[in-house]
Amino acid sequence: MGPMAPEELIRQAMQARERAYAPYSGFKVGAVVLGGTGRLYEGCNVENASYGASLCAERVALGQAIAAGEEDIQAVAVVADTEGICSPCGICRQVLIEFGRNIDVVMANMRGDYKIVRSEDLMPYAFGPKMLNI
């Protein structure tokens, strides 16, 4: 996973989680993206009264990384106050695949439990950019 320890990514994601806007579900999620430049980009979930307009923490963090000019996504960590590890939802898995099949995904909870998998392991038969043949 490179020079950044998973525990450090989880710690940063926990900090981002504190800023989550989750008045409807109360389910706060934090995420952090490690870019190829070594910079970290935080994200938290942002709910909306029109539920479909809500944003997941992972997508917020990825958007920040891309907006800052990152071209290489190394890792993403996601954390929530769950019994087991918190894994990205289906939409976030699809967005991760857009930026690489070998991104380290650190899935964690507030108790320090975590598991690391590759983005391709979360979506082994994912639709991706190569399928468009352009």
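At a glance:
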| quantity | calculated |
| --- | --- |
| Potential extension, Asp121-Ile91 segment - 0.36 nm per residue separation minus Cα distance | 9.3 nm |
| Inter-probe distance in nm under a simple model that places probes 7 Å from Cα toward Cβ, at Arg39 and Arg101 | 2.9 nm |
| Gained length - Glu83 relative to Phe27, 0.36 nm times residue gap less alpha-carbon distance | 18.9 nm |
| Relative counts (whole %) of C-alpha pair distances in the chain, using bins that are 10 Å wide | 14, 46, 33, 7, 0 |
| Neighbourhood net charge (12 Å Cβ-Cβ; Lys/Arg +1, Asp/Glu -1) for Asn102 | -2 |
| Loop-resident sites, the stretch 62-134, for GluC sites (Glu not before Pro), counting at most 15 other Cβ within 10 Å (DSSP) | Glu71, Glu83 |
| Loop-located chymotrypsin sites (Phe, Trp or Tyr not before Pro) in the stretch 1-105 whose Cβ has at most 15 other Cβ within 10 Å (DSSP) | Tyr24, Phe27 |
| Two-site FRET efficiency, Glu8 against Ile66, from Cβ-Cβ distance with R₀ of 25 Å, rounded to 0.05 | 0.70 |
| Dipole magnitude of the stretch 6-132, debye to nearest 20 (Cβ charges: Lys/Arg +1, Asp/Glu -1, about Cα centre) | 140 debye |
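Each reported figure results from applying straightforward, stated rules to the coordinates on display, with no laboratory input. Since the structure is predicted, the reported quantities are computational estimates derived from the model, not experimental observations. Positions of Cβ are backbone-derived with ideal geometry, glycine not excepted, and every protein chain shown enters the neighbour counts.
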